[in-house]
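Let me give you the structure first, and then I'll get to my questions.
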Amino acid sequence: MPIEASRRAPADFARSTLTVHYLCAYYSQFAHLKVAPRTPELWAAFHFCRAVKHRKINGYCDFPLTAGAVRINASNVILARKLFGVAILKVYEKHRSGTPLLVPVPSRDSLRKAKFRTLELLEDAVTLEDRDLIAPALRFGYDLPPVSGTGARERSLIFNALDVTGEVRGRKVILVDDIVTTGNTLLAAADAIEAAGGKAVCAVACGRTVKNRIRAFKLRAFELQRAGELEDRARFRP
């Protein structure tokens, strides 16, 4: 059953920004077709993000490591999630004080499945000993049509569809998602956590949808603006 929480409008209590860490530049199909073709590295990041999201891959991609690239294909596709898990735990270490919860941003199948897609992704990504950090505290309470736009109205639609189904009062929370594009769902999830008495300290995503050809693989961060804009603050992480 959903936990009782204040359902004030998000603007009543939300902070102006949310720090989002991301591992890959997810170069959009629009940019690939209309701006400039993907480089080989951006193709690799594109396939890596999809492998993390769906646990499937067509062909292969090479993920860069200090000792050399590791190739991910259909036979070892779970490795993509494990590599994303390394990034999640790097971010977690920066916020370990207070033992924050790792809360997956719910995918739409959370309405009908106990083990929804983003929860499965997070469980695959972290080690067995770190799984007790996971709290599937958010779910969709009803079907929601695709929401376009980045304004307060669009975020409110998502916020109102979210149920807080786990105890987060007084707890720090790190939100985990696969790919961030408009940021609507991430911001609505942060709002729902804070309406229930928790504190969303940051978010981690595998990919960030971009329209310019930036570095494909690098753990970095940007400030997700509540005004609806995705704006870098030059806060890159090593």
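We did not get these values from a lab; they are worked out from the coordinates using the rules stated. As the structure is a prediction and not an experimental result, all values here were calculated from the model. Cβ atoms come from the backbone with ideal geometry, glycine included; neighbour counts cover every protein chain shown.
May I ask what percent, to the nearest 5, of DSSP beta bridges between residues of the chain are antiparallel?
The antiparallel proportion sits near 45 percent.
Still on this model: Quick one: putting +1 on the C-beta of Lys and Arg, -1 on the C-beta of Asp and Glu, what dipole do you get for the chain around its Cα centre, in Debye to the nearest 20?
Charge dipole, the chain, about its Cα centre: 500 debye, nearest 20.
I'd like the distance separating the alpha-carbon centroids of the range 66-94 and the range 111-149, in whole Å.
Taking the Cα centre of the range 111-149 as reference, the centre of the range 66-94 is 19 Å away.
At q = 0.11 Å⁻¹, what log₁₀ I(q)/I(0) does the range 10-226 have when each alpha carbon counts as one equal point scatterer in the Debye sum?
Per q value, in the given order, log10 I(q)/I(0) is -0.51.
Based on the mean of other Cβ atoms within 10 Å per residue, sort peptides 24-32, 43-51, 183-191 so the most packed one is first.
The packing order, highest mean first, is 183-191, 43-51, 24-32.
Still on this structure, please answer the following. Expressed as a rounded percentage, what relative contact order does the chain have, with Cα pairs under 8 Å and six or more residues apart?
RCO, the chain: 31 percent.
Given only helices, namely DSSP H runs of n ≥ 4 each adding -39500 (n - 2.57), what is the per-residue ellipticity at 222 nm of the chain, to the nearest 500 deg cm²/dmol? Spell out each step's value before the answer.
Numbers: 6 runs with 69 residues, N = 238.
Helix contribution divided over all residues of the chain: -9000 deg cm²/dmol.
Report the local net charge at Leu119: Lys and Arg +1, Asp and Glu -1, summed over other residues whose C-beta lies under 15 Å from its C-beta.
Charge balance in the 15 Å sphere: +1.
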